[in-house]
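Since the structure comes first, as structure tokens, the remarks are kept for the end.
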């Protein structure tokens, strides 16, 4: 829980208290039970790398909880060298899984957890103490470090795939998108085949420093792919979604690629109905000085971009603490053609892919046009999954399977613009 009524949830100061928006602890349990009755799993996003700035009194009475020699971008680093601190967070994870019966945890920004031995210990205890069902453990790790995927964790968010998706669809190349602006289609092939695009190569947006580690030996289901998420939308100055940034037919083609590729797909709220409302960064800090510092600091961050060099333009960036910023971020959930598209694609995935995903391996991919690729994966039973996707404006040429696709039109050698076709060939 955290002070105030509005927050993304990353400023928590009471890790054992459910946020008041969920109701009482019993009401949260009832929500999870209701989801289970409908065949749905529920994951909790947990933040073990920092505490929020508002209402955090822990440094006052337990300063040893923090490592004064290290810092994160969001506050003081937590001192996992202390056994009591490790125990605190391990018991927190077990509490959510055992007492509330969450089905999995998503660990926020683990690259900012300064002790690399903590996460394997945490995963080991969860596996030993929560039995009778599989607990899904998912990581966010900006360093593209795969070591925890060999230490008890199931999957990791794949920012690389998102970034190359975004560049191909929008043409944007500022900030970290510059790392994906050259040879974008080749980078897409690598991301689809290997998971991460950057596996130790230099990244321009990081001053040429190397980023990432080899993803050897990991299957596609070790990676979570997404076209949008809270960070990638909300960290834009005006919170624009892809629906207002790109051509709808190309977005439809990319959606088919994402949902029918073997990586685990993540759908951001409102995406399934084509919501056009922004998703903005919002807070409800009770301290007026803190609220002003957050507002002014956020506007200063954008000053390095040419379009925000003018102070009057920066002043238009919404104030996170303004209640209107929160209300503007509520997506519409009207059922429409976009919803029907998602239902069809997810039903295809459930029927045709999910039963065969275990042990799937990359078979190879190639660039067939400026923004067009073909990618193939081999199922464990010998079947072949082929996806051809053209996100460009010109027809691409490639040899296609001589069978009826499960998605898209039957093709010979030409793949039209804004088109994705998917085949499954049985052994």
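The values are calculated or read from the model by the stated rules, or taken from the named source; none is laboratory data. Values in this document were obtained by computation on a predicted structure and should not be read as measured data. All Cβ positions, glycine included, derive from the backbone under ideal geometry; neighbour counts span all protein chains shown.
The residue list 241, 211 contains one member that is within 13 Å of residue 160 (Cα to Cα) and in contact (Cβ under 8 Å) with a residue 12 or more places away in the chain, which is 211. Please work out if residue 257 is in contact with a strand residue (DSSP E or B) (Cβ under 9 Å, 6 or more places away or on another chain) and either in a helix (DSSP H, G or I) or free of Cβ contacts under 8 Å to residues at least 24 places away in the same chain (or both). Yes.
Among the residues that make up segment 89-109, is at least one of them under 28 Å from residue 320 (Cβ atoms) and modelled with pLDDT under 95? Within segment 89-109, none of the residues are under 28 Å from residue 320 (Cβ atoms) and modelled with pLDDT under 95.
Do we have residue 168 as surrounded by 16 or more Cβ atoms within 10 Å (Cβ to Cβ), touching a helix residue (DSSP H, G or I) at 6+ places or on another chain (Cβ under 6 Å), modelled with pLDDT of 95 or more and not in a loop (DSSP other than H, G, I, E, B) here? Answer is yes for this residue.
Assessment of segment 81-104 against the conditions (over 25 Å from residue 41 (Cβ atoms) and not in a helix (DSSP H, G or I)) yields at least one matching residue. Quick one: would you say residue 304 is within 30 Å of residue 424 (Cα to Cα), surrounded by fewer than 19 Cβ atoms within 10 Å (Cβ to Cβ) and not assigned by TED's automatic domain parsing to the domain that holds residue 395? Judged against the criteria, residue 304 is not a match.
Scanning segment 1-27 for residues that are over 20 Å from residue 107 (Cα atoms) and within 24 Å of the chain's Cα centre (by Cα) yields 6, 21. Annotation for segment 273-290: no member residue is over 29 Å from residue 387 (Cβ atoms), touching a helix residue (DSSP H, G or I) at 6+ places or on another chain (Cβ under 6 Å) and in a helix (DSSP H, G or I).
Any chance you could count how many residues in segment 346-367 are surrounded by fewer than 22 Cβ atoms within 10 Å (Cβ to Cβ) and closer than 20 Å to residue 415 by Cβ?
Looking only at segment 346-367, we keep the residues that are surrounded by fewer than 22 Cβ atoms within 10 Å (Cβ to Cβ), and these are 346-364, 366-367.
Still in the list and also closer than 20 Å to residue 415 by Cβ: 348, 363-364, 366-367.
Residues flagged as surrounded by fewer than 22 Cβ atoms within 10 Å (Cβ to Cβ) and closer than 20 Å to residue 415 by Cβ within segment 346-367 amount to 5.
Each row is one residue, and each column tells you yes or no for (1) under 25 Å from residue 76 (Cα atoms); (2) in contact (Cβ under 8 Å) with a residue 12 or more places away in the chain; (3) not in a loop (DSSP other than H, G, I, E, B).
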residue: 111; (1), (2), (3): yes, yes, yes
residue: 126; (1), (2), (3): no, yes, yes
residue: 132; (1), (2), (3): no, no, no
residue: 142; (1), (2), (3): yes, yes, no
residue: 145; (1), (2), (3): yes, yes, no
residue: 149; (1), (2), (3): no, yes, yes
residue: 163; (1), (2), (3): no, yes, yes
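Scanning segment 173-205 for residues that are more than 22 Å from residue 218 (Cβ to Cβ), touching a residue at least 60 places away in the same chain (Cβ under 8 Å) and buried (at least 16 other Cβ atoms within 10 Å of the Cβ) gives 184, 185. Entry remark, segment 212-241: residues being in a strand (DSSP E or B) and in contact with a helix residue (DSSP H, G or I) (Cβ under 6 Å, 6 or more places away or on another chain) number 2 in total. Scanning segment 8-44 for residues that are exposed (fewer than 15 other Cβ atoms within 10 Å of the Cβ) and touching a residue at least 40 places away in the same chain (Cβ under 8 Å) yields 16, 25, 33, 36, 41. A single member of 59, 53 is part of a loop (DSSP other than H, G, I, E, B), over 22 Å from residue 224 (Cβ atoms) and in contact with a strand residue (DSSP E or B) (Cβ under 8 Å, 6 or more places away or on another chain), and it is 53.
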